[in-house]
Amino acid sequence: MRTLLIYILLFSPTFLFAQKIKNVADALVSPRVAEREITVGGPDADISGFNNLSIQFAIDAVAKTGGTVKLNPGLYKIIAPVQMKSNVKLIGSGKETILKKEPGVQTNFTIDADFGELKLTVENSDGFEIGMKVQVTDDENSSCWNVSTAYITDIVDNLIYIDKGLIRDYRSDKNGLISNASSVIEVIDAENASILNLTVDGNREENYFADGCNSAGILILRSKKVTIDNVHVKDFNGEGISWQITENVTIRNSEVSGSGNTGLHPGTGSPFSTIENNNVHNNDMDGLFICWRVYQSRVVGNNFYNNGRFGICTGHKDTDVIFEGNHIFENKSDGVNLRGERENNAPHRNTFLKNTIENNGTDGGGYGFSINSMAHDLLLKENIFKNPAKTQKAAVYIFRNGMEPKLENNQFDEHELGNVVFEKK
């Protein structure tokens, strides 16, 4: 009888299917096929599905040895973020490979959600799914490191269970919210990862706003040696690409457009960043927002234009950065803005070399370059300040709390207030 039961188990269709999947997974991570490429998408691929689960299965399979996940052309439905792993390359087939975020869902919670809690009592759990990533906020804790993020582990009636304890006390009477606002691709606690040759579509019109320190079209967090190359991040309801607490991140040959916040956001201690040959445009806030200890970095050969505030904004301890050969034009406020900081925390020793700063201030006036802090050793050399549309009120405007930069061989069109203007004290 025991022999018969074992025979039935081993040769049942369910067991055979499960064993086949296990054999495929074991083969893909076998030492004999280290650095193997796995294809995703379509009947001829190793994994046929067009969704985040299919992509994630492939990434997890190559992660043990390192390797490449190759996405075929097609539309991939993203319900939860694709999680990159160390030593993995995710490579699309060009602009025809589209990772599109599925529509958003949001509800209020009806009982306060407290620090460390793992469940939320909500008004309506319809639309939420196990495996979704969510963010939790209220009116007093709704940005940056005050936002909690976690994955849904279970849903029972109007109770949503999550995998990670909340990091703040959130009040139900202060518009406490839970939504599936989250990234399309995330690189968290990883190194030597690459994302290449694909499109990230944030489906902004159908999704809720996602916080930039915890979510983005592509979010990089606590990671090293990450490269994004030839990627278009479009229409994400939040920041296009955000990298926080990182080292040696490279963003190049890419396009970021239509974001509900900033296009590119390096910050929270992210030295040795390289930003080169990108087109960053038509984002609601800044093209490039550099914040909080981004040092010894390079911003070279980019176009920052038609953004809702500044082309480039930098400030708190963002030092020793070279900005070279960028075209910064037709942004609604300043082309370049050095934020107000106390002298010790100002963006010291930055160099702006051979940039073209043109026709900024399209929303009623701004400056080509504005200085709001005591930034020491700020060098502006061989830049061209163009103003044919007469929108830049001054080429360089120095606020009363600012410090005059060193100017060498710059070219100036006519500006209404002048080329180098000091705010009256």
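Nothing in this text is a laboratory measurement; each read-out follows from the coordinates by a stated rule. Note that the structure is a prediction, hence the values are computed from the model and not measured. Heads up, the Cβs are rebuilt from the backbone with ideal geometry, glycines too, and the neighbour counts pull from every protein chain shown.
Stretching the chain fully between Asn277 and Ile79 yields a gain of 68.2 nm (0.36 nm per residue, less the alpha carbon separation). Using only Cα atoms, tell me the angle between helix 13-28 and the longest principal axis of the chain; keep it within 0 to 90° and round to the nearest 10. Between helix and principal axis, roughly 40 degrees. Let a ≥ b ≥ c be the square roots of the eigenvalues of the Cα gyration tensor of the range 32-101; is it rounded (a/c under 1.5), or, if not, prolate (a/b larger than b/c) or oblate? Note, shape of the range 32-101 comes out prolate.
So what is the relative contact order for the range 32-101, in percent, with contacts set as C-alpha pairs under 8 Å and at least six apart? After rounding, I find 32 percent. Annotation: extensible slack from Asp189 through Ser143 equals 14.4 nm (criterion: 0.36 nm per residue apart, minus Cα-Cα distance).
Remark on the chain: Cys291, Cys313 stand apart, with no other cysteine beta carbon under 4.7 Å.
Rounded, prolate or oblate: which fits the range 272-425 when a ≥ b ≥ c are the square roots of the eigenvalues of the alpha-carbon gyration tensor, with rounded for a/c under 1.5 and prolate only if a/b beats b/c?
Rounded, because the longest to shortest axis ratio a/c is under 1.5.
Per residue, the average separation of C-alpha pairs within less than 8 Å and at least 6 apart gives the chain a relative contact order of 8 percent. On the beta carbon distance between Glu206 and Lys317, with R0 = 45 Å, the FRET formula returns roughly 0.75. When the listed pairs Lys164/Lys317; Lys77/Lys234; Lys89/Lys224; Lys101/Lys174 are checked against a 26 Å cut-off, the alpha-carbon distance exceeds it for Lys164/Lys317; Lys101/Lys174. By DSSP, the beta bridges lying fully in the chain are antiparallel in about 15 percent of cases.
Structural descriptor for the range 372-412: relative contact order 65 percent, calculated from alpha carbon pairs under 8 angstrom and at least 6 residues apart. In angstrom, the C-alpha Rg and Dmax of the range 106-179 are 10.6, 30.
Could you let me know the centre-to-centre spacing of the range 338-352 and the range 365-425, using Cα atoms, in angstrom? The two parts, judged by their Cα centres, are 15 Å apart. Counting pairwise Cα distances across the chain, what percent come out greater than 36 angstrom? Everything past 36 Å amounts to 34 percent. Model label sites at Asp154 and Leu417, defined 7 Å from Cα along the beta-carbon direction, differ in position by 6.1 nm.
In the chain, the longest principal axis of the Cα atoms and the axis of helix 52-63 are about 90 degrees apart. Each part reduced to its alpha carbon centroid, the range 40-54 and the range 211-280 end up 26 Å apart. Taking each DSSP H run with n ≥ 4 as -39500 (n - 2.57) and averaging over every residue of the chain yields -2500 deg cm²/dmol at 222 nm.
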